[in-house]
1. Please pick out the residue among 410, 376, 386 that is within 37 Å of the chain's Cα centre (by Cα), in the same structural domain as residue 287 (by TED's automatic domain parsing) and at pLDDT 95 or above.
2. Would you be able to say whether some residue in segment 375-389 is crowded, with 16+ Cβ neighbours inside 10 Å, assigned to a helix (DSSP H, G or I) and in contact with a Ser or Thr (Cβ under 8 Å, 6 or more places away or on another chain)?
3. Among (1) assigned to a loop (DSSP other than H, G, I, E, B); (2) closer than 20 Å to residue 525 by Cβ; (3) of a type outside the set (Phe, Trp, Tyr), where does residue 142 come up short?
4. Could you tell me which residue of segment 246-256 is surrounded by the fewest Cβ atoms within 10 Å (Cβ to Cβ), considering only residues that are part of a helix (DSSP H, G or I) and touching a residue at least 40 places away in the same chain (Cβ under 8 Å)?
5. I'd like to know if segment 167-178 contains one or more residues that are assigned by TED's automatic domain parsing to the domain that holds residue 484, at pLDDT 80 or above and within 30 Å of the chain's Cα centre (by Cα).
6. Determine, yes or no, whether residue 356 is among the charged types (D, E, K, R) and exposed (fewer than 12 other Cβ atoms within 10 Å of the Cβ).
7. Would you check which residues across segment 348-387 are charged (D, E, K, R), more than 28 Å from residue 268 (Cβ to Cβ) and without any contact (Cβ under 8 Å) to a residue 60 or more places away in the chain and list them?
8. Looking at segment 105-113, can you tell me whether even one residue there is out of contact with any strand residue (DSSP E or B) (no Cβ under 6 Å at 6 or more places or on another chain) and buried (at least 21 other Cβ atoms within 10 Å of the Cβ)?
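The values are calculated or read from the model by the stated rules, or taken from the named source; none is laboratory data. Please read all numbers here as calculations on a predicted model, not as lab measurements. For neighbour counting, all protein chains shown are included, and Cβ atoms are generated from backbone atoms with ideal geometry for every residue, glycine included.
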Amino acid sequence: MKSHLSLKSLLAVTTTVISVLSFNTQAKAFNFGNATLSIGFECNNDVSTLILGSKPLGTWQYSKDAVGDGTGGNHYDLYGMGFMEDAKYAYVAINTYDMALNAGIDTLDSNGKTVYNIGWGDLLINTTGKNVTEANGNLFGVHFGGNNSGVSQVGLYGNVLGSSVAGLHTGGVHENLSAVAKNFAQSKSIPTLQEYQQWSLATYVSYQPDSTQKAFVDVKLSLNDYLQNQSTTVKQAFADANLSFDSYVQRQSSTVKQAFADANLSFDSYVQRQSTTVKQAFVDVNLSFDDYLQKQTTTTKQAFVDVNLSFDDYLKKQPTSTQTKYHNGDSSTVQSVNTAYNNFVKNAQTKVTQTKTSYTTLINNAQKTVSDTKTKYDQFMVSTQKTIGDTKTKYDQFMVSTQKTISDTKTNYDKFIVAAQSIVTTTQNNYTKELSSTNVNNSYKALVSKYTTINTLNDKMFGSLSREQGLAYFDQKGANVIGSGNWLGNIEMLNLDQLIAVGYDKSLFQGKQTIAFRIERSVFAPESIPEPASLFGLATVGLALASRKRSWRSAK
């Protein structure tokens, strides 16, 4: 099971800082610049980190880890790492007591239950210049062992998202340590008793917790400055304190703003917004039949003349020969002319009837459209007035809410200042009391004891690195395997003789097992990477809980 770290346990943590290197370099073909290489066992019994400088091609860089700090015995002890790149390859060598590559493969027992075996994690390579947590998702990773990784194929991966399987493997050391380490104050130099006796209040405050130091700043904070740390909602409330109704309306949707524009819309103006058909209906509704008829075809208008045409007038329009035959009583002609006249009048009457019907339909449709439009106008105005009424109500509610937010914030500000003042007053009283001639010796001893403990812890954890730099090499999520990534290419496993042939110094490490491989540099990226001129620490972080006995599952 996972354990919780005590201060005594934390003091067993060791870090060995090898060197700090400074280089001025130019942008060139891909190399690893200030990359950080980190490797740990799946439960983080031991972790090693190598922070690369910008050494010339063909030059090995090493980090040596403390011996005997592998929790659970020698089997889980990492001794260090080596790295070298030449014109074509990047070489990595990892030395351990005896952890072989085939370790860590989980098995099933006779009951079908998974037996978790501790083995190698994956090598995570961080070239971003950020700490591991921030860079997660933009890492390279090398999978070469039989572990519980999120990938199965051996090789190099890009866009790696690291994850932890420590919980499955009775681990958790790494995550617990990072969480606890974040709570420790920055190391402070310890004054002499004489210096302590002459401390100003400001110096005394600088040795207090961050919350106390913050109170001395906060107690002078104006309401406006206080607001800068509040949510966007709170800051907006103060901006809206005197918001006019018109300005409020301008923030609303186009529909709402249009409703206010339409508040006094006349019926005639409403009609002008309607379709051509609707507007024509308001013209047609008063159209007389005579005016309607004048718009019809010549044929239709002629029908209204023809419907009243007498037989004699009709006969006069016929050919002279037809008229003569008709007057002479030619029976065939008489019958033909009479039939033609009857049909002529009948057709004219039909056309007249159809035209009158069409006119009636037109007028009826126009009247209906006019009536419907008036109804819609009334509905439109009701809806518009409702939108206006709802908006006024929402404005009133908005202003009430805004004023409440402002009032609550001012109350919180007053409480905030009172709380800060209380801390300030207490600290000032403690300062007077602790540095009084009566108490100064005892308070000085307590100060020395406290900061000796803190400084010892920080020295063991981070060596010459600052606390902030040191914490950058602890992944707060405990990532020790590749959770996901894009496979980029193969790795080539190497034996010790092949390593020595390219300049590896085997005398630096005493472990029985050296895991080594090389990767073509071109697989990482063909692009040029600028290398900043800065300090590159070459360090390794080894975690130990030597003062605390723990039981671990067998790796068998």
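1. 410
2. Yes; the residues of segment 375-389 include at least one that is crowded, with 16+ Cβ neighbours inside 10 Å, assigned to a helix (DSSP H, G or I) and in contact with a Ser or Thr (Cβ under 8 Å, 6 or more places away or on another chain).
3. Every listed condition holds for residue 142 apart from (1).
4. Just the residues of segment 246-256 that are part of a helix (DSSP H, G or I), to begin with: 246-250, 254-256.
Subset that is touching a residue at least 40 places away in the same chain (Cβ under 8 Å): 248-249, 255-256.
Details: 248: 17, 249: 16, 255: 8, 256: 17.
Ranking the qualifying residues of segment 246-256, first place goes to 255.
5. No: zero hits.
6. Values: among the charged types (D, E, K, R): yes; exposed (fewer than 12 other Cβ atoms within 10 Å of the Cβ): no.
So residue 356 fails the test.
7. Looking only at segment 348-387, we keep the residues that are charged (D, E, K, R), and these are 351, 356, 368, 372, 374, 376, 378, 386.
Going one step further and asking which of them are more than 28 Å from residue 268 (Cβ to Cβ), we end up with 351, 356.
Of everything in segment 348-387, just one residue is charged (D, E, K, R), more than 28 Å from residue 268 (Cβ to Cβ) and without any contact (Cβ under 8 Å) to a residue 60 or more places away in the chain, namely 351.
8. no
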